[in-house]
């Protein structure tokens, strides 16, 4: 057999007659079959080129996007419609209200607005007039709005623990953008860092309700429950989790239960204001369980990690910006 | 003979350049969010590779494209679980390979008693694809190839890269480098000899080709 025909067989440009005689000739010979398969694979592997098939690729992408998009669009549209309707209704009512009843609804106006924030690596506690307290975790900000009718509204980013005194005369809610958390005399923790995919709520004591933007009740949470809200799919998932895990930060502890090294490093980065680079990909997925005091230095934490496993690290001090920790 | 085969196949040099990790990281976040530009970018970078894979074993453009599109659908479905450790190309490659195997399995059953020629071809392609390594193995190989090329003596490397990547003819290279065509030929065959030696553990099967042809 000639070299040319063989190459044509491999790149599929051989005629039917050529193929027929070739495949029949190797069918009986298991040695030759094996060799053909290896050559075929080598040929394919060596010709995997991203620049081939450009024209088909564009069309294919359009069809792919059409396929995935209806589902997503619907979701977005649904939500959008819902919100749009709400906005329209509010616009319409407020317009009417302003038009027909020129006097302001009493109590709706904001009478006081305060913002609290904490830096990376610090936990702060805010005491409110009524004896309620709010703890702010690392890199967190909480904005409080007090309205004339006694209603309190908080907006936040980061992680905060709310310990609120029960007061039937005062309504307190946290506005998370897509939904609201309404408290009915409680202790609860909300974790809502902007760079994380979800918002995580733990209830320690009392009762809280989740409301939609339009104040529709979505669900009620009981103590010991843990709610994960996925920002992208807008899905809420309720499960059970010991609330002391979520609130351990308040007592100066990191609690990692079955967390991957990359999740742990994300936490450490936030707290110690360092940048951690994990060079070894397999290490990043290794899971650890441990409790670490937040007052421990990063060096000690790294030393602990290097004791338990094959982790090595180096720290580069930077004059400007965060120090870099390399894990390898 | 081996040289001419390698040349005809363009062996070694079509491996996909690895994506810049920082860019990949940003892209992963956008993929999670389902942003169109990110999927378009992944399509641009990877479609050719996996489409080629499925076309080479199926020999049917419509079905090959459909299978590849399904692989991207899978990526879309799992987008929320993506992270920076996730090898997207390897994922697409594996899904495509499995779907091609499924397709070939079903097809060859249907063809068994009808078309002997196509049946045999599918049977062999099926068996070959089953043995095809995973994408990570190619990445390892690519690393070795890059290393071996980098280790070539400078003059050989320069001539060699011109012929492989810029696809210049020997005459074109001779003019560009102001050397004779004979020198170009000599350098390239020397470079191939060195590479073959350096990569012998990884490309052992290349020697089988000569056996098969003799």
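So which residues in the range A:189-208 are part of a strand (DSSP E or B) and either away from every other protein chain (no Cβ under 14 Å) or more than 21 Å from the chain's Cα centre (by Cα) (or both)?
Once the filter is applied, which keeps residues that are part of a strand (DSSP E or B) and either away from every other protein chain (no Cβ under 14 Å) or more than 21 Å from the chain's Cα centre (by Cα) (or both), the range A:189-208 yields A:189, A:190, A:191, A:192, A:199, A:200, A:201, A:202, A:203, A:204, A:205, A:208.
Here is a list of conditions, (1) under 30 Å from residue A:310 (Cα atoms); (2) modelled with pLDDT of 85 or more, and residue A:236 meets all of them except one; can you say which number that is?
Result: residue A:236 passes all but (1).
Since residue A:233 meets every condition but one in (1) in the same structural domain as residue A:301 (by TED's automatic domain parsing); (2) more than 21 Å from residue A:120 (Cβ to Cβ), which condition does it not meet?
(1)
In the range A:312-328, what residues are touching a strand residue (DSSP E or B) at 6+ places or on another chain (Cβ under 6 Å), assigned to a loop (DSSP other than H, G, I, E, B) and touching a residue at least 12 places away in the same chain (Cβ under 8 Å)?
A:322
Residues of the range B:89-98 being buried (at least 19 other Cβ atoms within 10 Å of the Cβ) and away from chain A (no Cβ under 13 Å), which ones?
Selection gives B:95 alone.
Just to be sure, is residue A:13 within 19 Å of residue B:127 (Cα to Cα), at pLDDT 80 or above and more than 8 Å from chain B (Cβ to nearest Cβ)?
No; evaluated as a whole, the condition is false for this residue.
I'd like to check something: does the range A:209-227 contain any residue that is under 15 Å from the mean Cα position of the chain (by Cα), surrounded by 20 or more Cβ atoms within 10 Å (Cβ to Cβ) and not assigned by TED's automatic domain parsing to the domain that holds residue A:297?
Yes, that holds for at least one residue.
Collect the residues in the range A:185-208 that are in contact with a strand residue (DSSP E or B) (Cβ under 7 Å, 6 or more places away or on another chain) and over 14 Å from residue A:224 (Cα atoms), keeping them in residue-number order.
Listed by number, the residues that qualify are A:191, A:192, A:193, A:194, A:197, A:198, A:199.
Filter the range B:61-88 down to residues that are more than 23 Å from residue A:66 (Cα to Cα) and more than 18 Å from the chain's Cα centre (by Cα) and give me whichever is farthest from the other protein chains (Cβ to nearest Cβ).
Per the stated criteria, the residue is B:86.
Residue by residue, here is whether (1) at pLDDT 75 or above; (2) within 14 Å of chain A (Cβ to nearest Cβ); (3) over 27 Å from residue A:41 (Cα atoms); (4) surrounded by 17 or more Cβ atoms within 10 Å (Cβ to Cβ) holds:
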| residue | (1), (2), (3), (4) |
| --- | --- |
| B:160 | yes, no, no, yes |
| B:174 | yes, no, yes, yes |
| B:185 | yes, no, yes, no |
| B:195 | yes, yes, no, yes |
| B:199 | no, yes, no, yes |
| B:205 | no, yes, no, no |
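Need the failing condition index for residue A:181 against (1) surrounded by 20 or more Cβ atoms within 10 Å (Cβ to Cβ); (2) in contact with a helix residue (DSSP H, G or I) (Cβ under 7 Å, 6 or more places away or on another chain); (3) closer than 30 Å to residue B:82 by Cβ, just the number.
(2)
Cβ-Cβ below 7 Å, separation at least six or inter-chain, first residue in the range B:131-151 and farther than 23 Å from residue B:91 by Cα, second loosely packed, with under 12 Cβ neighbours inside 10 Å and at pLDDT 75 or above: which pairs?
none
Which one of A:283, A:305, A:268 is at pLDDT below 80, surrounded by 14 or more Cβ atoms within 10 Å (Cβ to Cβ) and outside any strand (DSSP E or B)?
After ruling out the rest, the residue left standing is A:305.
Might you let me know whether the range A:181-188 holds any residue that is assigned to a strand (DSSP E or B), farther than 16 Å from residue A:132 by Cα, at pLDDT 85 or above and assigned by TED's automatic domain parsing to the domain that holds residue A:238?
yes
Are any residues in the range B:46-60 facing chain A (nearest Cβ under 9 Å) and in a loop (DSSP other than H, G, I, E, B), and if so, which ones?
Residue satisfying the conditions is B:59 alone.
Looking only at the range A:107-142, count how many residues are surrounded by 14 or more Cβ atoms within 10 Å (Cβ to Cβ) and assigned to a strand (DSSP E or B).
12
Among (1) without any contact (Cβ under 8 Å) to a residue 40 or more places away in the chain; (2) surrounded by fewer than 15 Cβ atoms within 10 Å (Cβ to Cβ); (3) within 14 Å of chain A (Cβ to nearest Cβ), there is one condition residue B:110 misses while meeting the rest; what is its number?
Status for residue B:110: all satisfied but (3).
Quick check on my filter: what residues within the range A:286-302 are in a helix (DSSP H, G or I) and surrounded by 17 or more Cβ atoms within 10 Å (Cβ to Cβ)?
Of everything in the range A:286-302, those that are in a helix (DSSP H, G or I) and surrounded by 17 or more Cβ atoms within 10 Å (Cβ to Cβ) turn out to be A:298, A:301, A:302.
The values are calculated or read from the model by the stated rules, or taken from the named source; none is laboratory data. Keep in mind the model is a prediction, meaning the values are calculated, not measured. No Cβ is skipped: glycine too gets one built from the backbone with ideal geometry, and neighbour counts run over all protein chains shown.
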